[in-house]
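Student: First the structure, which I've put down as structure tokens, then a few questions once you've had a look.
The values are calculated or read from the model by the stated rules, or taken from the named source; none is laboratory data. Owing to the predicted nature of the structure, the values given are computational and were not obtained by experimental measurement. Methodologically, a virtual Cβ is constructed for each residue, glycine included, from the backbone with ideal geometry; neighbour enumeration extends over all protein chains shown. With ligands, DNA and RNA removed, areas are computed over all heavy atoms of the protein, side chains included. Shrake-Rupley method; radii C 1.70, N 1.55, O 1.52, S 1.80 Å.
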Amino acid sequence: AQARAAELEGRCKGLEAELSSQREANANAASSGASELQAAQARAAEFEGQLAAARSDFEAQLSSQREAADAAAASLTAAATKLQGELKASKAEASTATAQVTEVEGRLATAKANFDAELKTAREAA
């Protein structure tokens, strides 16, 4: 019985040593895991910061581009309005010039008719 008790005691001490070793390994693994987790969290925080900065830059550029596009659209609208006004004025000038040409043509036709009549009268008198 003593031999059996000694054997069991030896096995218990062996198991206790194995358990202690396993606990130490688990503690080391947990510590290592905690360190890795902290490093991963630090990398994630750094990435989140970079992402926030990139998003801010993108939004600023987008806003700037929108403002530039709005300014360009306003400039183009003003230019188009100015050109429409100039075109309207040119059409009015062309219409006036056409009316003047028509008036001059009418006077020329009248003058020619008068000249032809006077010439005919002069020929008949001669």
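Student: Read phi for every residue in segment 86-103 and hand back ³J(HN,Hα) as whole Hz from Karplus 6.51 cos²θ - 1.76 cosθ + 1.60, θ = phi - 60°, with x for Gly and Pro.
Tutor: 5, 5, 4, 5, 5, 5, 5, 4, 5, 5, 5, 4, 5, 5, 5, 4, 4, 5
Student: Just to confirm, what accessible area per residue do you get for the chain at 1.4 Å probe, in whole Å²? Spell out each step's value before the answer.
Tutor: Values: 10820 Å² over 126 residues.
Here the per-residue accessible area is 86 Å².
Student: Another one. Quick one, what does Rg over Rh come out to for segment 1-70 if you take C-alpha atoms and the Kirkwood Rh? Spell out each step's value before the answer.
Tutor: Details: Rg = 29.5 Å, Rh = 17.4 Å.
Reported Rg/Rh (Cα atoms, Kirkwood Rh): 1.69.
Student: Right, next: What whole number of Å gives the distance from the Cα centroid of segment 36-84 to the Cα centroid of segment 94-112?
Tutor: First find each Cα centre; the distance between them is then 63 Å.
Student: Step by step: find N for segment 23-125, compute 2.2 N^0.38 Å, then divide the Cα radius of gyration by it. What's the final number? Each step should come with its number before you reach the end.
Tutor: On the way: Rg = 43.5 Å, N = 103, 2.2 N^0.38 = 12.8 Å.
Relative to the 2.2 N^0.38 Å estimate, segment 23-125 comes out at 3.40.
Student: Quick one: net charge of Ser63's neighbours, Cβ under 15 Å, K/R +1, D/E -1? Kindly include the intermediate steps, with their values, before the conclusion.
Tutor: Values: positive: Arg55, Arg66; negative: Asp57, Glu59, Glu67, Asp70.
Within the 15 Å Cβ shell, the charges total -2.
Student: To the nearest 10 Å², what's Leu37's accessible area with a 1.4 Å probe?
Tutor: Result for Leu37: roughly 100 Å² accessible.
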